[in-house]
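Here is the structure we will look at.
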Amino acid sequence: MPKHQENSESTQVGNTKESYRKAMRMAKIRQTCLERTINVLDYGAGKGHGATVLEEFGNVAVTTFEPIPKNWTPDYTDSDDIQNSSYDVVICLNVLNVLEPALREEVLLDIMKKVKVGGMACIGVRNWSSVNTAKHKASAPEENAIWVLKSTGDCYQKGYSPKELKEYARTVLGDDLHLTASTDFCNTSIIIRK
């Protein structure tokens with residue numbers, strides 16, 4: 001299992017719920033929910049708010065994964081316990097942008113292991129202009145990345161453009177998957193179809 005950072009719960013902010021709704025609409029899940037139960041994994045569930053939103057779509061079985069939960073109990077805290085190739089949709093919002101490069105690659109690969117053939121991953125991250133608004137920051141070792149300095153602990157932040165996120169995913173995952181870059185459900189987002 002990839003080792004996660006202690007500050008992971010701080011990525012779930014007030015507008016996260018609407019981002020979940022937009023991701024599900026972009027994934028065109030509503031019609032499929034009428035036909036069968038859709039298995040959705042909220043990967044890096046933060047404070048767990050996304051599960052409630054995802055259940056609004058009806059015939060959806062939501063599983064939550066958060067490696068470092070604060071004040072709630074997700075379904076899983078260790079991604080190794082989650083069955084591979086078992087989810088129609090994996091949603092991962094504002095997680096990859098807070099991970100340093102080596103861990104980010106491991107997490108992206110792990111996300112795609114959880115998606116079943118014919119399924120998809122909806123991944124959203126912050127863009128550079130939103131990351132760079134931090135008042136207290138220090139430089140980081142890669143382009144468009146900073147350390148946000150907080151009294152509760154420093155937080156790594158990497159900003160992406162849609163094109164950059166798509167190219168990064170293609171580099172890590174290879175050419176066998178269909179990737180679509182977007183700004184439709186987060187500052188920067190991609191849909192990866194398996």
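The values are calculated or read from the model by the stated rules, or taken from the named source; none is laboratory data. Quantities reported herein were computed from a predicted structural model and do not represent experimental measurements. For neighbour counting, all protein chains shown are included, and Cβ atoms are generated from backbone atoms with ideal geometry for every residue, glycine included. Note: accessible area is taken over every heavy atom of the protein model, side chains too, but ligands, DNA and RNA are not part of it. Shrake-Rupley method; radii C 1.70, N 1.55, O 1.52, S 1.80 Å.
Tabulated data for the structure shown
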| read-out | value |
| --- | --- |
| Base-10 log of normalised Debye intensity for the range 107-163 (one unit scatterer per alpha-carbon) at q = 0.22, 0.23, 0.24, 0.31 Å⁻¹ | -0.87, -0.90, -0.93, -1.20 |
| Beta bridges by DSSP in the range 32-177, antiparallel share as percent, to the nearest 5 | 30 percent |
| Full-extension gain in nm, W72 to A138, via 0.36 nm per residue minus C-alpha separation | 20.6 nm |
| q = 0.16, 0.17 Å⁻¹, the chain: log10 I(q)/I(0) [Debye, one scatterer per Cα] | -0.98, -1.12 |
| Hydrodynamic radius (Kirkwood) for the range 47-155, which is based on Cα pairs only, to one decimal in Å | 15.7 Å |
| For the chain: accessible area per residue (Å², 1.4 Å) | 47 Å² |
| Leading residue at positive end of dipole, the chain (Cβ point charges), from A102, V115, H49 | H49 |
| Point-charge dipole on Cβ atoms (K/R +1, D/E -1) for the chain, about Cα centre, debye to 20 | 620 debye |
| 0 to 90° range, to nearest 10: angle between helix 162-173 axis and the chain longest Cα axis | 70 degrees |
| Cα long-axis angle, helix 16-26 against the chain (0 to 90 degrees, to the nearest 10) | 50 degrees |
| Dipole in debye (nearest 20) - the range 104-187, about Cα centre, beta carbon charges: Lys, Arg +1; Asp, Glu -1 | 320 debye |
| Accessible surface of the chain [probe 1.4 Å, protein heavy atoms]: carbon and sulfur percent | 47 percent |
| With Cα atoms, 0 to 90° folded angle of helix 101-114 axis to the chain main axis | 0 degrees |
| Residue-level accessible surface for K113, protein heavy atoms, 1.4 Å, Å² | 110 Å² |
| R36-S129 FRET efficiency (beta carbon distance; Förster radius 45 Å; 0.05 resolution) | 0.65 |
| Value of relative contact order over the range 49-152, rounded to a whole percent, pairs C-alpha under 8 Å and six or more apart | 19 percent |
